[in-house]
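Remarks on the structure that follows.
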Amino acid sequence: MAPVDAASFHDALIQRLGSERVLTGAAPMAAYESDALTAFRARPRAVVLVESAEEVVDVVRLCAAAEVPFLARGSGTSLSGGSLPVDDGVVIAMNRLNRILEVDPVRRIAVVEPGVVNLTVSDAAAPYGLYYSPDPSSQSVCTIGGNLATA
Ligand SMILES: Cc1cc2nc3c(=O)[nH]c(=O)nc-3n(C[C@H](O)[C@H](O)[C@H](O)COP(=O)(O)OP(=O)(O)OC[C@H]3O[C@@H](n4cnc5c(N)ncnc54)[C@H](O)[C@@H]3O)c2cc1C
C-alpha cells in the first residue's frame, strides 16, 4: 500500500475521531512530549484521544497505511522513557478507555479497559473486601495498560 501524504492522514484522523480528539500544535501536545523521565522529549505529529477498541484499531490501520509510527500511552508515569513519543509519530492516549466492565468477587477477576487507573480497580473491589495489589508506587495515576506493558 502506498504511503498517504501528511494532510490526508491528518484529515483521516479527524474524520474518524472528530477534531476535538485529535490534538496538534505545541501547547495541546506539551504534556505528551515526555513521560516521567523528562530529560528526554519528542514532539509527536498528533495525539489522539481514543474512546473505544474499534477506534484504536482504526487509528493503527491509518498509521500503518501512512507509514506513521505510533505509541500507546497511559498516564505517562514511566520512568524509563517508555511513553516517549516517536518523533513525528502519533500518540494514542488510552485514558478515556476507562470503564470497569465487571468485578467478579467469587472468581476474583476484574475486567477493565486499559485506561482504568490502578487505584480505581481497588476502589471497585473494596466493597467485597478485595483490592488490586500490584502497585508501582504510582497507583493513583498509572493505568492498567501501562502496568501490564511495563510488568
Ligand atoms: C513516583 C513514581 C514511582 C514509580 N515506582 C515504580 C515502581 O516501583 N516500579 C515500577 O515498575 N514502576 C514504577 N514507576 C513507573 C510507572 O508508574 C509504571 O511503569 C506504570 O506502570 C506506568 O503506567 P502508565 O499508565 O503511566 O503508563 P505510561 O507511562 O503511559 O506507559 C508505559 C509503557 O506502557 C505502554 N502502554 C501504556 N498503555 C498501554 C496500552 N494500553 N497498551 C499497550 N501499551 C501501553 C507505553 O507505550 C509505554 O511503553 C513509578 C513512577 C512514578 C512516577
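The values are calculated or read from the model by the stated rules, or taken from the named source; none is laboratory data. Values in this document were obtained by computation on a predicted structure and should not be read as measured data. In this analysis, Cβ positions are derived from the backbone assuming ideal geometry, glycine residues included, and neighbour counts consider all displayed protein chains.
The table below lists the values:
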| item | result |
| --- | --- |
| Residue within segment 69-81 that is among the β-branched types (Val, Ile, Thr), near the ligand (Cβ under 8 Å from one of its atoms), under 21 Å from Ala31 (Cβ atoms) and assigned by TED's automatic domain parsing to the domain that holds Ala30 present | yes |
| Single residue of Val57, Val47 found to be out of contact with any strand residue (DSSP E or B) (no Cβ under 8 Å at 6 or more places or on another chain) and either in the same structural domain as Pro114 (by TED's automatic domain parsing) or closer than 28 Å to Pro136 by Cβ (or both) | Val57 |
| Residue count, segment 114-135 (criterion: closer than 22 Å to Arg96 by Cα, in a loop (DSSP other than H, G, I, E, B) and without any contact (Cβ under 8 Å) to a residue 40 or more places away in the chain) | 4 |
| Residue among Ser78, Ser138 that is touching a residue at least 40 places away in the same chain (Cβ under 8 Å), touching a Ser or Thr at 6+ places or on another chain (Cβ under 7 Å) and closer than 30 Å to Ile14 by Cα | Ser78 |
| Conditions (1) modelled with pLDDT of 95 or more; (2) out of contact with any Gly (no Cβ under 7 Å at 6 or more places or on another chain); (3) surrounded by 14 or more Cβ atoms within 10 Å (Cβ to Cβ); (4) under 21 Å from Ala31 (Cα atoms); number of the one not met by Val86 | (1) |
